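Worksheet for the structure shown next.
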Amino acid sequence: MPEAQTKVKILGWRYENIRGLETMDVNLESQDHTPYPITLIMMPNGQGKTTTMELLLAAFTGGAEHWGRDQVLELRPPGSTANSGEFQLRLLIDGQRFVVTLELDYQTGSASYATTRIDISGGKEPGHNLPSSLKHVFKDQFVKRFIFDGELVKDILNGSKDEAEKTIRYLHNLDRLEELAVAIDHVKDDMQRERETASRTDRGLTRLRNQRDEAFGQMRQLQTRLAQLESQFNEATTQLEQRETFLQHRLAQSEQLQRRYEESQRQLETVRRDLVLKGQAAIASFREPTMANRLIFSRLNQLSSRLQRLKLPESTSRQFFTELAEEEFCVCGRPIRSTERDAILSRAESYLGHDEYGVVNAIKQEIRNSTYDDSLTDTINNLTELLTEESRHLSELRRIELEQENSGDDDVRQAAEERDVLRAKLTSLDEKIPSFQLALKTAKDNYESLQRKFNEATQTVEFIRKADKLKDITRQTSAAALRNLKATIIENTNRRIADVIHLEKISVEAIDGHLKLAGKGGASQGQSLAIAYSFLGSLFANSAFGLPFVVDSPAGPLDLEVRHEVATMLPGLFDQLILLVMSGEREAFADPFYQLAGVQFLTVVKDSSGPHCVAEIETFKKFQGGKEDI
Amino acid sequence: MATGNVYFRLPVKAEAYFQPIMKSSQKFELAFDYYYLCLLVGILAGKLGRDEDVKDQYLVDSYPGPYKTKRGVLAGLLIEAEMRRQDILPQDRQRLQQLILTLTSHNDTFLSEEGVNFLNLYAAGGMELIEDNIPTKTASLPTFLTLYHQLIDRLGAEQETWSTE
């Protein structure tokens with residue numbers, strides 16, 4: 001856990017003239033200024049759960065000031081004549097109490113804030129005045145990761161979504177580095193626009209700008225198309241993995257087939273390992289030019305003998321003649337005049353200099369040291385045999401799959417058909433994607449070249465160079481931080497998973513947009529949620545902030561048998577946990593909480609006096625939420 | 001010893017051709033490996049590509065690791081290939097010396113700018129031969145290596161027959 005973690009706790013909140021909740025207080029304190037570690041709030045659907053999440057989000061972010069009239073008026077209780085309403089959030093930040101009041105003016109349809117810093121100034125001040133260390137990080141996307149919609153948890157393991165990576169980015173503020181990169185682009189654009197305006201009459205500049213913009217458009221189109229194809233590829237890969245896991249699972253039920261399948265797979269893996277080794281050996285041989293082919297070897301030897309026969313390199317070097325040209329008399333005693341001098345210097349050029357002499361000798365020496373034998377042919381023959389074996393094992397595996405499909409039921413046949421369709425789709429995408437990648441690379445080169453020309457024309461080259469360098473550093477920092485964070489988070493997540501899933505060894509292998517599990521085994525629905533919550537818990541533990549975790553419908557998407565599993569693990573993951581549940585979610589989910597100390601059970605009950613909050617476990621256990629709760 | 005202005009440039013088609021292999025789990029360790037395999041075939045067959053078959057962007061400006069110790073043999077191969085292409089007779093000492101002066105230089109690669117340009121053109125020529133003779137792009141490095149070995153063997157045999165006819 002980071003040493004300087006800013007700790008934020010929710011002490012409670014109060015609604016006044018809010019639709020579905022009227023005027024009511026929710027108190028989370030077990031004693032003064034200390035909240036219960038866990039609070040379960042039973043709140044029927046349609047009676048303010050979504051509104052509560054929305055108000056909590058707005059109280060943390062300060063974003064309600066931008067709400068439209070309709071959004072504000074939607075919060076007014078139906079039929080109410082009240083002119084105003086409010087939502088008060090009571091917080092404990094590093095031991096100091098804060099009250100954020102979201103004031104809703106139902107006459108003008110506007111929202112504003114007031115903040116009371118009880119332990120600092122005591123009085124109520126206008127504005128959203130949380131400590132500055134928090135104010136700039138409590139952005140919408142950040143707060144949504146701890147004022148959390150339970151339905152989103154599924155996306156953390158979904159191969160076609162990148163929720164896991166986004167959460168890391170937001171909770172660790174890496175998105176702010178991206179914002180910096182965008183800000184740098186804006187400064188660049190402003191600078192260029194300024195220069196461009198200064199030379200508005202230059203038609204060449206306008207043409208260049210148009211060409212650049214067009215190239216940028218093409219590049220963006222290709223980027224979008226490529227992203228679509230890659231997303232389709234990832235989605236199909238995930239689906240294929242699911243079908244293969246299912247089929248393998250069914251195969252495991254037929255023991256004899258499974259044994260044959262495993263044996264073939266084992267042999268295939270051995271062959272593939274040998275293929276890697278022999279492939280490396282073949283490349284090592286190919287890298288010796290004379291070992292690659294006998295003719296190459298003999299031609300080089302002929303060259304070496306030829307150089308030998310012709311006495312090349314010549315021992316008389318170019319330097320001898322250039323020095324001779326500077327003398328008054330030739331070695332033969334005749335005088336050297338300007339005509340002779342020019343002739344000597346000109347012909348000296350066709351002699352090798354000292355340096356070239358050394359180079360040719362080194363070439364001859366290397367050729368003399370080179371050899372040829374049949375080892376590459378032997379290695380290639382081995383490779384061919386291994387490839388035949390690989391193909392034999394693959395056929396055997398396909399045959400077993402087919403046997404299984406033919407003896408299996410409709411589910412198996414359907415999964416097998418879908419698997420084949422997905423395999424074909426992946427092959428087709430695999431062929432298509434490289435051509436788009438190449439086209440994108442060309443378009444990017446073209447755009448960059450036009451951008452360079454444009455920079456030169458607007459005389460902003462040096463500025464742009466420095467701005468781009470700063471952008472590179474920003475991106476590299478962001479990438480390095482993400483890499484390091486991922487490694488730490490994977491380690492901590494796996495430790496937490498091991499604590500909650502005892503029967504099977506399940507671990508996160510990588511975070512690639514989503515969480516990727518080691519092996520192809522997959523996980524049950526309950527396990528998936530346990531993994532996702534373990535991930536969230538690890539993120540919170542490593543964040544610079546100790547935050548409460550508020551979840552709407554934590555057990556909503558779960559089957560009964562897995563609710564218990566998730567409920568058992570949740571308490572250990574967060575310092576303060578607030579669960580908004582419906583009575584329909586209580587079954588199997590609430591039981592583990594009844595056994596724990598330090599858990600508060602609240603029920604929002606509506607009677608003739610309006611809605612109010614009952615802090616009794618028995619009411620919580622018995623409460624039925626009515627038809628809207630189904 | 002100077003590095004000199006030598007720029008090894010891939011054939012234009014090489015990246016697309018070798019991409020399936022480079023995306024697979026067992027791939028070439030270096031992009032220079034497939035540059036070199038193209039070169040070997042081009043030199044063996046004496047086939048020069050055209051300037052437009054060579055990429056503008058360069059791959060490396062000196063031999064990478066395992067090829068550093070092969071610089072003499074590779075320069076020798078180029079001299080020998082150019083002797084054949086330019087029909088320099090075995091006894092023509094002056095033309096051979098001139099050829100050596102043109103193609104070599106005292107630097108890390110033993111090659112002059114012109115020498116490495118010829119190397120790039122031979123690699124582009126080799127790429128065409130590979131594409132013509134191993135037309136199905138494979139993602140399996142072992143499969144490619146066996147097919148490549150067949151190709152280089154066949155080319156070697158054809159060249160020998162041709163030179164003895």
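Mean silhouette area of region A:388-471, derived from the convex hull of its C-alpha atoms and averaged over all directions, reads 10.2 nm². Set the Cα radius of gyration of region A:337-487 against 2.2 N^0.38 Å, with N its number of residues, and you get 2.15.
With the Kirkwood sum run over all distinct C-alpha pairs, region A:66-198 has a hydrodynamic radius of 18.6 Å. Taking label positions 7 Å along the Cα-Cβ direction at both A:R398 and B:V12, the computed distance is 3.7 nm, reported to one decimal.
In whole angstrom, how far apart do the alpha carbon centroids of region A:87-129 and region A:417-431 sit? If we compute the Cα centre of each part, the gap is 56 Å.
The Cα center of region B:37-98 and the Cα center of region B:117-154 differ in position by 17 Å. Inter-chain Cβ neighbour count for A:296-303, averaged per residue, equals 6 (cutoff 10 Å, partner chain atoms only). Across all Cα atoms of region A:1-84, the radius of gyration (one decimal) and Dmax (whole number) stand at 15.3, 51 Å.
Taking the fewest neighbouring Cβ atoms within 10 Å as the starting point, the ordered list for A:C332, B:C38, A:C613 is A:C332, A:C613, B:C38. If both residues of a DSSP beta bridge must be in the protein assembly as shown, then about 70% of such bridges are antiparallel. Amide H to amide H distances under 5 Å link A:R76 with A:R19, where only residues 5 or more positions off or on other chains count and H is placed in the peptide plane. Working note: Cα atoms of region A:354-397, range along each principal axis, descending, whole Å: 65, 18, 6. For B:P90, the shell of other residues with beta-carbons less than 13 Å away shows a net charge of +3, using +1 for Lys and Arg and -1 for Asp and Glu. Taken one residue at a time, the phi angles of region B:32-41 give Karplus couplings (6.51, -1.76, 1.60, θ = phi - 60°) of 5, 4, 7, 4, 5, 5, 5, 4, 4, 5 Hz. Gly and Pro are set to x.
Against chain A, whose longest principal axis comes from its Cα atoms, helix A:174-198 is set at around 60 degrees. Taken residue by residue and averaged, Cβ atoms of other chains lying within 10 Å of the Cβ of A:434-441 number 2. FRET efficiency for the pair A:R193 and A:E418, taken as 1/(1 + (r/R0)^6) with r the Cβ-Cβ distance and R0 = 56 Å, rounds to 0.60. Taking label positions 7 Å along the Cα-Cβ direction at both A:Q302 and A:D373, the computed distance is 2.6 nm, reported to one decimal. A dipole drawn for the protein assembly as shown from +1 and -1 charges on Cβ atoms has a positive end, and of A:S534, A:M24, B:P66 the residue lying farthest that way is B:P66. Placing unit charges on the Cβ atoms only, positive for Lys and Arg and negative for Asp and Glu, gives the protein assembly as shown a dipole magnitude near 1460 debye about its Cα centre. When the Cα atoms of region A:258-313 are aligned to their principal axes, the ranges along those axes come out at 72, 16, 6 Å in descending order. In the protein assembly as shown, the calculated helix contribution to ellipticity at 222 nm averages -19500 deg cm²/dmol per residue, counting -39,500 (n - 2.57) for every DSSP H run with n ≥ 4. Here B:L99, B:L121 are placed in order of increasing Cβ neighbour count within 10 Å, fewest first, which gives B:L99, B:L121. Highest mean packing comes first when the peptides A:363-371, A:26-34 are listed by Cβ atoms within 10 Å, giving A:363-371, A:26-34.
Principal-axis analysis of the Cα atoms of chain A puts helix A:525-542 at an angle of about 80° to the longest axis. For region B:58-122, a simple Cβ point-charge model (Lys and Arg +1, Asp and Glu -1, everything else neutral) yields a dipole of about 200 debye relative to the Cα centre. FRET efficiency for the pair A:R341 and B:Q94, taken as 1/(1 + (r/R0)^6) with r the Cβ-Cβ distance and R0 = 22 Å, rounds to 0.50. The residue list A:F297, A:N361, A:T206 was ranked by how far each Cα lies along the charge dipole of the protein assembly as shown toward its positive end, using unit charges on Cβ atoms, and A:N361 comes out on top. Averaged over the residues of peptide A:288-294, the number of Cβ atoms from other protein chains lying within 10 Å of each residue's Cβ is 6. Enclosing the Cα atoms of the protein assembly as shown in their convex hull gives a volume equal to 255 cubic angstrom per residue.
Arranged from fewest to most other beta-carbon atoms within 10 Å of their beta carbon, A:E178, A:E288 become A:E178, A:E288. Using the alpha-carbon positions of chain B, Rg (one decimal) and Dmax (whole number) come out as 16.0, 51 Å. Relative to the Cα centre, the charge distribution of region A:371-505, modelled as +1 at Lys and Arg Cβ and -1 at Asp and Glu Cβ, gives a dipole magnitude of about 1480 debye.
Taking the three principal axes of the alpha carbon atoms in region A:92-132, the coordinate ranges are 37, 16, 14 Å, sorted in descending order.
Every number in this text was worked out from the coordinates using simple rules, so none of it is lab data. These figures come from a predicted structure and were not determined experimentally. Using ideal geometry, Cβ is built from the backbone for each residue, glycine included, and neighbour counts are taken over all protein chains shown.
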